[in-house]
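The values are calculated or read from the model by the stated rules, or taken from the named source; none is laboratory data. Keep in mind the model is a prediction, meaning the values are calculated, not measured. Heads up, the Cβs are rebuilt from the backbone with ideal geometry, glycines too, and the neighbour counts pull from every protein chain shown. All accessible areas refer to the heavy atoms of the entire protein, side chains included, with ligands and DNA or RNA removed. Shrake-Rupley method; radii C 1.70, N 1.55, O 1.52, S 1.80 Å.
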Amino acid sequence: MSASASAIRLGVVGTGYVGLTTGACFAHIGHHVVCGDIDQRKVDLLNDGQIPIVEDGLEQIVRDARSAGRLEFVLGAAAAAADADIVFLCVPTPQSEDGSADLSYIEKAAAQIAPILKPGAVVVNKSTVPVGSTLAVEAVLQRDDVFVVSNPEFLREGTAVGDFLQPDRVVIGSANRAAAEKVAGLYDSIDTLIIITDPASAETIKYAANGFLAMKVSFVNAIAAMCEAVGADVTAVVEGIGSDKRIGRQFLNPGPGWGGSCFPKDSRALVKIAEDHGYNFSMMKGVVEVNDEQRARMIDKVARAVGRHHSNLTGVTVGAMGLTFKAGTDDLRESPAMAIIAELRRAGAVVRAFDPTTCGELSPHQELALAGIELTSALIDVTDGADVICVFTEWPEFAEVDLEQVAQRAGAGTTMVDMRNLFDPADVKNTGLGYDGVGRR
Ligand code: UDX
């Protein structure tokens, strides 16, 4: 790393999935980082070396960077930005009622740091923000000696550390070349493509990337529905199209629909941004519609498995394998499993669930989200007396379950609705269980 870069002091505002990973990884590659959060309890936890989220490799990186004196946690945005040359805004940009991104947290953080930023400091929008947000932050800062740069993140939950340290590219958007180069210099020790462009293009890249990935998943879910209709097998179809380098195999795994804290928010925001600027993004609306339909299709599969209408599942016991929005994370936000379970329970079903991230002590957020769902401490326990077994999340250990034992404890006539195509239909059927996957013949 260039000498000047190592002397650079970074401030990070927000220590959620993005802020904590960003701050820790920048410290890991040699920068001095001060992370600020508004939650004193969280700041204390982090200063005590405890990591409040599941992110592979993050705990070790935080521990090493703290002991090297390059990473500290403080209360509030101003304290994080006080001595910083570059300040990353990593605060939430939740979805507003009308689908647009709510910038109030970004604007509040900008207002808090405006009075204390050093002259020549650079403020970086790391959070996913609508096109034009660098102008919105400049308007709040009211500092013509401070520059605002867009540097969107492409981190996936569960693999965020790897995604940060081995990115496919770094995107930087700025009207000021020197400010853009200053931010680009932070990534000197990472061997990757650095794309420097204007702010609007950088902000659009983020939405276009997530929109395309969501479209790819919705496409394969729609193809899975077609496979069921024409008697094809989606696993063969996915192999047949994914082996075309122009299509690529990733993000072609059928499932219960995409969820999480990003795709749902960003796909709706993309439609709204287009609409606000006079473009009817009908394709993206279709991507969202297919996702909503996929959830309904899963509920119908469960109802068919027990021979009932989906509106009346009284007396039905559902064994749920997985609760998070995907494997590798503890995040329940916008989890398809949670949404489908809520519908099943609304129709009268009793749900017993296991997830690797909910079989220990629950956080207050998890307690709230999981109220009414009976949690088991072992996966196999959800099969006891189950009228239907649902595989919601593709945790690798689920594929190791003893299917003979499942059939024995669930009882004859129970069907597995495998929403992640985790199992081989023949293996399941050989035990006497019924099987219904997503797009499986
Ligand atoms: C996503 C983007 O991948 C990341 O680049 C961006 O910065 C944030 O949003 P994330 O939300 O963590 O990351 O999850 P991702 O791994 O993209 O999966 C999103 C959803 O799509 C999940 O619900 C997942 O289960 C689903 N999915 C993904 C599928 O159903 N099939 C697939 O093949 C891939």
Beyond 27 Å (Cα-Cα) in this structure, taken from LYS272/LYS301; LYS126/LYS216; LYS301/LYS326; LYS118/LYS206; LYS108/LYS285, we find LYS272/LYS301; LYS118/LYS206; LYS108/LYS285
Expressed as a whole-number percentage, the relative contact order of segment 333-435 with C-alpha contacts under 8 angstrom and at least six residues apart is 22 percent
Counting only DSSP beta bridges with both partners in the chain, the antiparallel fraction in percent, to the nearest 5, comes to 5 percent
Length gained if THR197 through ALA342 is fully extended, taking 0.36 nm per residue and subtracting the Cα-Cα distance, is 47.8 nm
1/(1 + (r/R0)^6) with r = Cβ-Cβ of HIS277 and SER96, R0 = 22 Å, i.e. FRET efficiency to nearest 0.05, evaluates to 0.85
Checking rank on 8-18, 371-381, with mean other Cβ inside 10 Å and highest first, the result is 8-18, 371-381
On the formula 1/(1 + (r/R0)^6), with r taken between the Cβ atoms of LEU165 and ALA378 and R0 of 35 Å, the FRET efficiency rounded to 0.05 is 0.50
Taking placed amide H atoms and a strict 5 Å upper bound, the residues 5 or more places from ILE194 or on another chain that come that close are VAL170
Residues meeting the amide H criterion for GLY158 (H placed from the backbone, H to H distance under 5 Å, 5 or more places apart or on another chain) are ASP56
Sorted list, accessible surface of protein heavy atoms, 1.4 Å probe, largest first, for THR329, THR431 is THR431, THR329
Karplus-derived 3J(HN,Hα) from phi for segment 423-436 (6.51 cos²θ - 1.76 cosθ + 1.60, θ = phi - 60°), whole Hz, x at Gly and Pro, runs 10, 7, x, 5, 4, 6, 5, 5, 8, x, 6, x, 9, 9
Computed over the chain, the relative contact order (Cα-Cα under 8 Å, seq sep at least six) in percent reads 12 percent
With a Förster distance of 45 angstrom and the Cβ-Cβ distance between ASN430 and ARG41, calculated FRET efficiency to the nearest 0.05 equals 0.35
The alpha-carbon center of segment 91-134 and that of segment 300-361 are separated, in whole Å, by 36 Å
Ordering 216-226, 357-367 by per-residue average of other C-beta atoms within 10 angstrom, highest first, gives 216-226, 357-367
Length-normalised contact order of segment 9-197, Cα under 8 Å, at least 6 apart, in percent, tallies to 20 percent
Between the Cα axis of helix 336-346 and the main Cα principal axis of the chain, the angle (0 to 90°, nearest 10) is 50 degrees
Taking the chain and counting helices only, DSSP H stretches of n ≥ 4 at -39,500 (n - 2.57) each over all residues, the nearest-500 ellipticity at 222 nm comes to -12500 deg cm²/dmol
Applied in sequence order to segment 47-57, the curve 6.51 cos²θ - 1.76 cosθ + 1.60 (Karplus, θ = phi - 60°) yields integer Hz couplings, x standing for Gly and Pro, of 6, 9, x, 9, 9, x, 10, 8, 9, 3, x
Most packed first (mean Cβ within 10 Å per residue), the peptides 56-65, 414-423 order as 414-423, 56-65
Computed Rg/Rh for the chain (Cα atoms; Rh = Kirkwood radius) stands at 1.01
Per-residue accessible area, 1.4 Å probe, largest first, puts PHE147, PHE26 in the order PHE147, PHE26
HN-Hα couplings for segment 91-96 via Karplus (6.51, -1.76, 1.60; θ = phi - 60°), in whole Hz with x for Gly/Pro, come out as 9, x, 10, x, 7, 7
